[in-house]
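Take a look at the structure below.
The values are calculated or read from the model by the stated rules, or taken from the named source; none is laboratory data. The shown structure was predicted, so the numbers you read here are calculated from the model rather than taken from an experiment. All Cβ positions, glycine included, derive from the backbone under ideal geometry; neighbour counts span all protein chains shown. Ligands, DNA and RNA are excluded from the accessible area calculation, which covers all protein heavy atoms including side chains. Shrake-Rupley method; radii C 1.70, N 1.55, O 1.52, S 1.80 Å.
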Amino acid sequence: MSGLSYAHGTGDTALLGDTIGRNLDRAIEAFGEREALVDVVSGRRWTYDEFGAAVEELARGLMASGVAKGDRVGIWAVNCPEWVLVQYATARIGAVLVNINPAYRAHELEYVLKHAGISVLIASLAHRTSDYRALVAQVRGNCPGLRSVHHIGDPSWDELTAASGAVTARQLAAREAELSCDDPINIQYTSGTTGFPKGATLSHHSILNNGYFVGELVAYTEQDRVCLPVPFYHCFGMVMGNLGITSHGACIVIPAPAFEPAAVLAAVQQERCTSLYGVPTMFIAELGLPGFASYDLSSLRTGIMAGSPCPVEVMKRVVAEMHMDEVSICYGMTETSPVSTQTRREDDLERRTGTVGRVMPHTEVKVVDPVTGVTLPRGEAGELCTRGYSVMLGYWEQPERTAEVVDAGRWMHTGDLAVMREDGYVQIVGRIKDMIIRGGENVYPREIEEFLYGHPKIADVQVVGVPDDRYGEEILACVIPRDPADPPTLDELGAYCREQLAHYKIPRGLRILEAFPMTVSGKVRKVELREGYGA
């Protein structure tokens, strides 16, 4: 008889009881002369001693500007060293850092400023088509709680650090002594597909430990140098990246303000990076870059891939051509700080591409019937739930929304459909809301997508359900062809599927696209594919 789809992550290493500031102190004490942060574009570098001094100066400047424990400080910026300084400075003084997506426009910015009650905003000046100064000016009159705005790169930023002289080191130490590792320290707004986003509220304890154990499972030491092209506003960058790195005395390498494949490969080569992060689409772009083979990537040994499943052929090339023999797959969500499962260094190709790993240390996962909540036998598909230190404190000022996803037993209901195998490894088969019900049959898009990846004319594919009068929902394949001049036809897809898939899983519709609509964090927006199916 199969066991239940439940697993508890054990480990020899205890959870950290530090605040983020105290943990950074430990790294400074141990690795003061080693590099902590490198910004490739500007050429600026900080050792741990220098980084610690810069964080302290900014922390004192924020205190001098009136930021109290529990006040919300917004960060609306692309990847840059100042983002990292703000992350650690706010943690030192107990201010709650509110991450704001750099892609937000005026109405989204206004919503977050008002909903989180942000009193101080730190923002970029501009990036691509966004003039941050103009957008802030547009909404500031509607946000009476916003006391001050500081733009990175102009005198208003310098005002913050210049104010540090008004607060002594003793006053900063007194503030830090008031802090608990269980205090809220970060609000991250989830990207939700309908309505305004919700603010997942995370503690020192949840994000510091999650970053630390992600780093433990890829065996980070002070010798590692980690290239981070993933956005800092997202858990991938600031938790799995920054906190995972500094908690091991390793070095953060920022290749560019936003993802540019050539800049990433150049940074890895120049800085002799040992680890590289990205979503699969980033790795695909890097591997497809003209002149890819000319870059010396031999320093790489590991990295983190997350955000969406990795096709087998891509993983093979990442291991063979990018030298990332120990690359790790992580699964999680903002509300769980974020990682709940992760592959291990010794895992084979099948586990790295067919699963999202097994449960993290000090964390529980289970797969339940979405209707009854009963834990299912291993091998059966149901909703993945997770429990432990990493589960958010709740959605900011939305207890009723919190209760919709965190049950009385403190289990976080992810909304993801998963299967726990006999070996404890977890496979994600789709989202509950993405599951297609065609004529009473449950269809999991992930299964069809994985199969279609093998078609010789398909470079990438997403499968969605669209309304159908006869069956309720019908299956639509959205395809990026390998050769735009020779895309697959619907008949070719049908013939390819017919021998291997049940008839009700065969796509009845086909859209040929140049690219998929994506979130900034690299996830495909399936809701847009569904909405545009008739186009």
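Shown here for region 144-223: GluC sites (Glu not before Pro) in loop regions (DSSP other than H, G, I, E, B) with at most 12 other Cβ atoms within 10 Å, namely Glu178. Where in region 410-505 are there chymotrypsin sites (Phe, Trp or Tyr not before Pro) that are in a DSSP coil and have at most 16 other Cβ atoms within 10 angstrom of their Cβ? Here the chymotrypsin sites (Phe, Trp or Tyr not before Pro) that fit, given the DSSP loop and packing criteria, are Tyr453. Express the relative contact order of the chain as a whole percentage, based on alpha carbon pairs under 8 Å and six or more residues apart in sequence. Value for the chain: 13 percent.
Share of carbon and sulfur in the accessible area of the chain stands at 51%, probe radius 1.4 Å.
Relative to the current alpha-carbon distance between Arg272 and Tyr453, full extension at 0.36 nm per residue lengthens the span by 61.9 nm.
At q = 0.09, 0.12 Å⁻¹ the log10 of I(q)/I(0) for the chain amounts to -0.66, -1.19, computed by Debye summation with a single uniform scatterer per C-alpha, solvent ignored. Helix 81-93 and the longest principal axis of the Cα set of the chain meet at an angle near 70°. Here's how it looks for Gly430: its modeled amide H is under 5 Å from those of Leu417, which are all 5 or more places away or on a different chain. Loop-located GluC sites (Glu not before Pro) in region 255-358 (DSSP state other than H, G, I, E, B) with a sparse environment of at most 16 neighbouring Cβ atoms within 10 Å: Glu346.
Measuring between alpha carbons in the structure, the pairs from Lys114/Lys526; Lys316/Lys523; Lys433/Lys505; Lys433/Lys457; Lys198/Lys523 lying more than 23 angstrom apart are Lys114/Lys526; Lys433/Lys457. Against the chain, whose longest principal axis is taken from its Cα atoms, helix 204-217 shows a tilt of about 60°. Taken about its Cα centre, region 36-153 carries a charge dipole of roughly 300 debye when the Cβ of each Lys and Arg holds +1 and the Cβ of each Asp and Glu holds -1. Label separation (Ala53 vs Arg147): 2.9 nm, computed from points 7 Å beyond Cα along the C-beta direction. The stretch between Gln500 and Glu441 holds 19.5 nm of extra length on full extension. This uses 0.36 nm per residue minus the Cα-Cα distance.
The angle between the Cα long axis of helix 20-31 and the main principal axis of the chain comes to about 80°, on a 0 to 90 degree scale.
Per residue, region 1-141 exposes 39 Å² of solvent-accessible protein surface, assessed with a 1.4 angstrom probe and all protein chains in place. Calculated accessible area for region 387-432 comes out at 42 Å² per residue, all protein chains present (probe 1.4 Å; ligands, DNA, RNA ignored).
Tell me the relative contact order for region 391-535 as a rounded percent, counting alpha carbon contacts under 8 Å between residues six or more apart. The normalised contact order for region 391-535 reaches 15 percent. Among residues other than Ile100 with Cβ under 12 Å from its Cβ, the summed charge is 0 (Lys and Arg +1, Asp and Glu -1). Percent relative contact order of region 215-303, based on C-alpha pairs within less than 8 angstrom and at least six residues apart? Rounded, it is 32 percent for region 215-303. Taking θ as phi - 60° and the Karplus parameters 6.51, -1.76 and 1.60, the scalar couplings of region 305-321 work out to 10, 7, x, 6, x, 9, x, 4, 5, 5, 4, 4, 6, 4, 5, 7, 9 Hz in sequence order, x denoting glycine and proline. Residues whose amide H lies under 5 Å from that of Arg44, counting only those 5 or more places away or on a different chain, are Asp39; hydrogens are built 1.01 Å from N in the peptide plane. A simple spin-label model places pseudo-atoms 7 Å from Cα toward Cβ; at Asp12 and Glu350 they are separated by 2.8 nm.
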